[in-house]
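**Student:** I'd like to ask you about the structure that follows.
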Amino acid sequence: MTLTSFVVKNALRNRRRAALTIISVAISCGLLVTLLTLQRELTIPPESEAASLRIIARNKVSLAQPLPAKQLSTIEKIPGVVAVSPFTFFGGNFREETVTSFAQFAVDPVRFRNLIIEGRIAEGSYDDFINDRTSCFVGADTMKRYGLKIGDRMRFTGTFYPVDLDLKIIAVYQGTVDDRGVFFHHKLLDELMGNPGTVGTWYLRVASAEASNEVIARVNEAFANTSAEVRAETERAFQMGFISMLGNVKLLIGSVSSVVVFTLLLVTVSTMSMAVRERFRELAVLKALGFRRRELFSFILAESFGLALLGGSIGIFGAWALWTGIDLQKLTNGFLLYFEVTPRIMATGGVVAVFLGIVSAISPSIAVARLSVVQGLKTLD
Amino acid sequence: MAAEPIVVIRELTKSYLQGDLNVTALNGVSLDILPGEFVVLMGPSGSGKSTLLHIIAGIDRPTSGSAMIQGINIANLNESQLADWRNQNVGFVFQSFNLIPVLTAAENVELPLLLTDLSSAERRKQVATALDLVGLADRGHHRPDQMSGGQQQRVAIARALVTDPALIVADEPTGNLDAKSAGDVLAILQSLSRDAGKTVIMVTHDPKSAAYGSRSLHLEKGEITA
Ligand SMILES: Nc1ncnc2c1ncn2[C@@H]1O[C@H](COP(=O)(O)OP(=O)(O)O)[C@@H](O)[C@H]1O
Ligand SMILES: [Mg+2]
């Protein structure tokens, strides 16, 4: 027998309790990691300043209803609008795919240039994109995913639109929040569709984030009581489908995470207190045999650490495996883009587990330090 | 040298504050014990037998007076020195065995050796020797709940002697045992003092048990009367 196997035997002496503790730590740590991942997902856009500088205006009736192309001249004149481009979701299926696995947008390349704030041109030139009406401007992630290179052709089968696209990759961008999209000439779509004189949405850039609410109000107002009323919202709000709730959701997630950690703390602290209290007499005997406080502390710490870390690891890596294995983007129809369990989030979960291990060892350690052998021997089993 | 006492106790007192009341458990006890003696402490309940034993064994401290064991005044040792001292010099046998339930007999016996520098092979050898001495060589892998009370107490004795301490203290070791098992345990303690030269101090209030000792002491209200 070694000191380690002694600790393990002690920790597992009440197997059901050890298992329950490990399971509750695992579930709570997994939940915490999930919540932190969700919080990160929801806070990606505000962290990207560019997204709060951009507004999407769509038909008030529904996203599927187009807007008249002639609204452009009105929007351009609205104070605070720095740039505007048509922005039409094509929603085609790439090659033989049966789902739309990344978005394609028809834009006005000249106008769209002013809407690009973050990211950079990784390959090719944007000017070439402007000059070639059958070319497309592709995100680096999509290039990589399909092993594409400049000059390759991308064919899309229309799903919303009864037309197909055949585009030539001319330039690649990288470093935006979402490096997957494909952009092509709106004129091409107009031609294919027989110039219906409509756009899907308008994509606007405002001078400053503070101005965005005002501009949103002005845009909405400009088309009030027309045949095509619009609803404008910031890019990210548009993506997430809600606006004002965002702050509350963050707060909510923060509070739920704190409650999870706190509850977890209660579980581990009470488990360790129970585990040590029922062993008081034995600990007194160990003291009599010559074990010092230091050794008894390390037994307790090792036990609580072991339980917390084992449970924590199962929960953290379980959550990681779960969210990495599931295609959440598909499941949530693009609501959750990445849902990436980052090393940082996993480390946070790990820190919480370590913290639990230490904190739940504190009070039993104090009790054991105070325990006199003679008093301990008098405790009844 | 052989006549030099191993335990020298002078004017030992121990008092407890019970509420407002000052209870005197030991009242000026002086005592010499020679190496290899089997001293039996007798006396009515509450007379201070356990308290005296605890102080000699270094798990309790006197209020005044001195306890020199092998020339060391153990009152001068700090907590961790005292722990080391106990590990090397004292073997404990309690009334209620106090074995660790999740460990086998051999593992229980091995416990005090985990604090030493012995290799695991050396530890195994000493454990086997100790279990053999108490007649449980073949029970090493049994857990306490698979053994009778007498066997458990013999495991406890093996644990007490595995570090080869000079002093073995036993507080009513037969209190929870039937007559036959008690006889076995007492015979082992007797042979430890007689054949192995250990100094054994045992508390009991059973006169028949006392017959196994080489000397009996009577305590009454914290004082030695005979
Ligand atoms: N921790 C304690 N607090 C208060 N009084 C104690 C404590 N331990 C022992 N005593 C008192 O000291 C006296 C002697 O106790 P003890 O040595 O256990 O007696 P014995 O072992 O002879 O029955 C008793 O009166 C007992 O009540
Ligand atoms: Mg007693």
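**Student:** Report the longest stretch of chain A that contains none of the trypsin sites (Lys or Arg not before Pro) sitting in a DSSP loop with at most 12 other Cβ atoms within 10 Å.
**Tutor:** Within chain A, the longest run free of exposed trypsin sites (Lys or Arg not before Pro) spans A:150-381.
**Student:** Let me ask you something else. Which value in nm describes the separation of the simple spin-label points at A:R155 and A:K378, placed 7 Å from the Cα toward the beta carbon?
**Tutor:** My value for the distance between the label points is 9.1 nm.
**Student:** Quick one: net charge around B:H205, please, counting Lys, Arg +1 and Asp, Glu -1 for every other residue with C-beta under 10 Å from its C-beta.
**Tutor:** Taking every other residue near B:H205 into account, the sum is -1.
**Student:** Something else now. Could you give the angle, 0 to 90 degrees to the nearest 10, between helix B:149-161's Cα long axis and the longest principal axis of the Cα atoms of chain B?
**Tutor:** Orientation of helix B:149-161: about 80 degrees from the principal axis.
**Student:** What Rg and what Dmax come out for the protein assembly as shown when only alpha-carbon atoms are used, in angstroms?
**Tutor:** 40.4, 123
**Student:** Further question on the same structure: Per residue, how much accessible area does the protein assembly as shown have with a 1.4 Å probe, in Å²?
**Tutor:** 46
**Student:** Determine the relative contact order of the range A:61-228: mean sequence separation of Cα pairs under 8 Å and six or more apart, normalised by residue count, in whole percent.
**Tutor:** 34
**Student:** Another question about this same structure. Under a straight-distance cross-link criterion of Cα-Cα below 27 Å, which lysines are reachable from B:K180, leaving out those fewer than 8 residues away in the same chain?
**Tutor:** Hits, sequence-local ones excluded: A:K378, B:K49, B:K198, B:K208.
**Student:** Could I ask something else about it? I'd like to verify something in chain A: which complete DSSP H helices, judged by Cα projection on the helix axis, reach 24 Å or more and average at least -0.5 on the Kyte-Doolittle scale?
**Tutor:** The answer, listed by residue number, is A:15-47, A:245-277, A:293-325, A:343-370.
**Student:** Now a separate question. To the nearest 20 debye, what charge dipole does the protein assembly as shown have about its Cα centre, counting +1 at the Cβ of each Lys and Arg and -1 at the Cβ of each Asp and Glu?
**Tutor:** 400
**Student:** Gain in length, A:A207 to A:N248, computed as 0.36 nm per residue apart minus the alpha-carbon separation, to one decimal in nm?
**Tutor:** Full extension from A:A207 to A:N248 adds 12.1 nm.
**Student:** Taking the Cα atoms only, what angle lies between the long axis of helix B:79-89 and the longest principal axis of chain B, rounded to 10 degrees?
**Tutor:** 60
**Student:** If you don't mind, another one. On the full set of protein chains, 1.4 Å probe, figure out the accessible area of A:D166 and give it in Å² to the nearest 10.
**Tutor:** 70
**Student:** A further question on this structure: Please give every one of the lysines within straight-line cross-link reach of A:K9, meaning a C-alpha to C-alpha distance under 22 Å, and leave out same-chain neighbours fewer than 8 residues apart.
**Tutor:** The reachable lysines, counting only those whose Cα sits under 22 Å from A:K9, are A:K287.
**Student:** Oh, and also: Can you give the FRET efficiency for A:R95 and A:L192, using 1/(1 + (r/R0)^6), R0 = 22 Å, r = Cβ-Cβ distance, to the nearest 0.05?
**Tutor:** 0.75
**Student:** Where the centre of each part is set by its Cα atoms, how far does the range B:126-150 sit from the range A:67-121, in angstrom?
**Tutor:** Cα centroid of the range B:126-150 versus Cα centroid of the range A:67-121: 83 Å apart.
**Student:** If you don't mind, there's one more thing I want to ask. Determine the order of A:T176, A:T226 by accessible area, beginning with the largest, at a probe radius of 1.4 Å.
**Tutor:** Descending accessible area places them as A:T226, A:T176.
**Student:** Tell me the total accessible area that B and A bury against each other, 1.4 angstrom probe, in square angstrom rounded to 100.
**Tutor:** 2200
**Student:** Note down the nm distance, to one decimal, between modelled labels 7 Å out along Cα→Cβ at A:E229 and at A:L266.
**Tutor:** Output for this residue pair reads 4.8 nm.
**Student:** Using a 1.4 angstrom probe on heavy atoms only, work out the carbon and sulfur share of the accessible area of the protein assembly as shown in %.
**Tutor:** 56
**Student:** I need the calculated FRET efficiency for the pair A:T74 and A:S258, taking r as the beta carbon distance and R₀ as 41 Å, to the nearest 0.05.
**Tutor:** The pair A:T74/A:S258 has a calculated efficiency of 0.30.
**Student:** Now for a different question. Tally Lys/Arg at +1 and Asp/Glu at -1 over every other residue whose Cβ is under 11 Å from the Cβ of A:V84; what's the total?
**Tutor:** So the environment of A:V84 carries a net charge of +2.
**Student:** Would you please give the residues with an amide H less than 5 Å from that of B:E220, counting only those at least 5 places away or on a separate chain, with H modeled from the backbone geometry?
**Tutor:** Residues meeting the criterion, in which the H sits 1.01 Å from N, are B:T225.
**Student:** Pop the C-beta distance of A:D128 and A:Q65 into the FRET formula with R0 = 51 Å and round what comes out to the nearest 0.05.
**Tutor:** 0.90
**Student:** If the label point is 7 Å along Cα→Cβ of A:A367, which residues in the range B:85-101 have backbone nitrogen under 13 Å from it?
**Tutor:** Taking a point 7 Å out along Cα→Cβ of A:A367, no residue of the range B:85-101 has its backbone N under 13 Å.
**Student:** Taking the alpha-carbon centroid of each part, what is the distance from the range B:60-103 to the range B:154-218 in angstrom?
**Tutor:** Here the answer is 17 Å between Cα centres.
**Student:** Counting other C-beta atoms within 10 Å, and keeping those with at most 16, which DSSP coil GluC sites (Glu not before Pro) do you find in the range A:87-164?
**Tutor:** Answer by residue number: A:E96, A:E97, A:E118.
**Student:** Post the alpha-carbon centroid distance, the range A:160-210 to the range A:346-371, in whole angstrom.
**Tutor:** About 55 Å separates the Cα centre of the range A:160-210 from the one of the range A:346-371.
**Student:** Determine the order of A:V354, A:V249 by accessible area, beginning with the largest, at a probe radius of 1.4 Å.
**Tutor:** Reading off the accessible areas and sorting them downward yields A:V354, A:V249.
**Student:** To continue, here is another question. Roll a 1.4 Å probe over the protein heavy atoms and report the accessible area of B:T104 in Å², nearest 10.
**Tutor:** About 30 Å², rounded to the nearest 10.
**Student:** Additional query: Roughly how much of A:I23 is accessible, in Å² to the nearest 10, using a 1.4 Å probe?
**Tutor:** A:I23 has an accessible surface of roughly 90 Å² with all protein chains in place.
**Student:** Continuing with the same structure: Name the residues whose placed amide hydrogens come within less than 5 Å of the amide hydrogen of A:F90, ignoring near sequence neighbours (fewer than 5 apart) on the same chain.
**Tutor:** Amide H neighbours of A:F90, under 5 Å, 5+ apart: A:Q104, A:F105, A:A106.
**Student:** Note the count of lysine pairs whose C-alpha atoms are less than 18 angstrom apart in the range A:61-228, limited to pairs 8 or more residues apart or on different chains.
**Tutor:** Count of close lysine pairs: 4.
The values are calculated or read from the model by the stated rules, or taken from the named source; none is laboratory data. Being a predicted model, the structure only gives us computed values, none of them experimental. Please note: Cβ atoms are built from the backbone with ideal geometry, for glycine as well, and neighbour counts cover all protein chains shown. SASA here: full protein model, heavy atoms, side chains in, ligands and nucleic acids out. Shrake-Rupley method; radii C 1.70, N 1.55, O 1.52, S 1.80 Å.
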